[in-house]
1. Here are the criteria: (1) of a type in the set (D, E, K, R); (2) over 13 Å from Ile354 (Cα atoms); (3) surrounded by 15 or more Cβ atoms within 10 Å (Cβ to Cβ). Tell me which single one Asp254 does not satisfy.
2. Given the criterion closer than 15 Å to Gln310 by Cβ and either touching a His at 6+ places or on another chain (Cβ under 8 Å) or assigned to a helix (DSSP H, G or I) (or both), identify the matching residue among His355, His340.
3. Among Gln345, Gln287, which is the only one that is part of a strand (DSSP E or B), modelled with pLDDT under 95 and in contact with a strand residue (DSSP E or B) (Cβ under 8 Å, 6 or more places away or on another chain)?
4. Evaluate the following for Glu203: is it acidic (Asp, Glu), farther than 25 Å from Ala363 by Cα and surrounded by 13 or more Cβ atoms within 10 Å (Cβ to Cβ)?
5. Return the residue satisfying two criteria in turn: it lies in region 327-362 and is open to solvent by less than 10 Å² (accessible area, probe 1.4 Å) and among the small types (Gly, Ala, Ser), and of such residues it is farthest from Arg290 (Cα to Cα).
6. For region 299-337, give me each residue that is assigned to a loop (DSSP other than H, G, I, E, B) and either of a type in the set (Ser, Thr, Tyr) or closer than 16 Å to Tyr276 by Cα (or both).
7. Checking the conditions here, which among Asp312, Asp348, Asp308 is under 23 Å from Ser255 (Cβ atoms) and acidic (Asp, Glu)?
8. State yes or no: is Thr272 part of a loop (DSSP other than H, G, I, E, B) and open to solvent by less than 60 Å² (accessible area, probe 1.4 Å)?
Amino acid sequence: MTEQTAAPTAATEEPAAPAPEQELPSSGAEPVPATDVQAAEPVPVTDVQAAEAVPVTDVQAAEPVPAAEPVPAAESVPATEPVPVTDVQAAEPVPATEPVLAAESVPATEPLAAPEQALAVAEPVPAPKSSRRVLRAVARWTAAVLVLGGLGTGTALGITSMERTDVPGLATEGDGRWDYPELSLPALPAGSPRPFNEANVAEIHHADLRKLLIPAPAGATADKKLTGGWVSTTQFVSEFRKDKRGELTQLLDDSALRHIAARGWTMPDGTTSKVYLLQFNSTAYAQGLRDDTYVSSTPGIPLDWPTDLQLDESWNAGGKVPETVVYAFGETKTGKGRIHEAYIQAGDTLALVIHSQQGKKTAEQIPFRQTLILQNQLLG
């Protein structure tokens, strides 16, 4: 009877925490089935004894233990001591060889660094003087590159806005052409077609003849007698030899001449230019005067010039407008010399273009042909 009363007394001194639905058996020698401790509530880390602390990360509370494999009593809890439920998480034993806590990283007994030491480590280490010199040098070079880059960009923009002939190294050597202003055909009266339109069978120029004259190029000095307006027959025949002026005047009177417009100028190099436009009542009269003066392979009535002119065989009628006729002459068969002469017939209008040079042995041929082509386009 004495042994039977001792066991309850020991149980009274250390009562075991009851499971959620049943009491834990008092005998510690028998293995505890996994089903008897499955719904055990997790115990906070603060409730675990320091001497037998099990890290939370090492206890797998979520993994159930199969019912067929009982937990060995020797590995979980010594047989002489009952294991309180509050000290076990899901009754799974912890392997003896498994390390407790990360002892390799920071030992539990190692004190933390003092705040003063942490602050000392956080302070930036002052850069050496040589590094500062390098930084200053880099800053200076960067500023220099930016300045040079800005200058280069400005120079590039300036060059792109310049004409090719104004850029050193890129300028194309001039070929002698004159700088004429941009040309445009004058407006026509309402309902009037161009001279070579299908509706204009007579090939009449309905525009103001004075506006069909080529303008003077840049740098030219205007002729005071030939200002781009109307001129008399006397002015026109004065360009020819004196012994032929009477004959030419009679031909003009018989050809139903309507009026004459003229413009003249002198270039800085001494080249004198004159352009005459003669308009008749019809295309037939314009062509009749050309035939009567024998303008074809020869210039016909000669100009007031000491030498006779020859047909320019090198002229290929470049820029010639369809339905027009162009004859060019010079002192040689190549058209070179001190004077150039040309006739253009375009419908009812006959044009005479003269370039002469008094101060040189020869007059430039390129500007003469340039003038001839542009005037032909205006008439076409």
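1. (3)
2. His340
3. Gln345
4. Criteria met by Glu203.
5. Among residues in region 327-362 that are open to solvent by less than 10 Å² (accessible area, probe 1.4 Å) and among the small types (Gly, Ala, Ser), the one farthest from Arg290 (Cα to Cα) is Gly337.
6. Ile301, Pro302, Asp304, Thr307, Ser314, Thr324, Thr332, Thr334
7. Asp348
8. no
The values are calculated or read from the model by the stated rules, or taken from the named source; none is laboratory data. All of these numbers come straight from a predicted model, not from anything done at the bench. Don't worry about glycine lacking a Cβ; one is built from the backbone with ideal geometry, like all the others, and counts go over all protein chains shown. We work out accessible area using only protein heavy atoms, side chains counted, and drop any ligands, DNA or RNA first. Shrake-Rupley method; radii C 1.70, N 1.55, O 1.52, S 1.80 Å.
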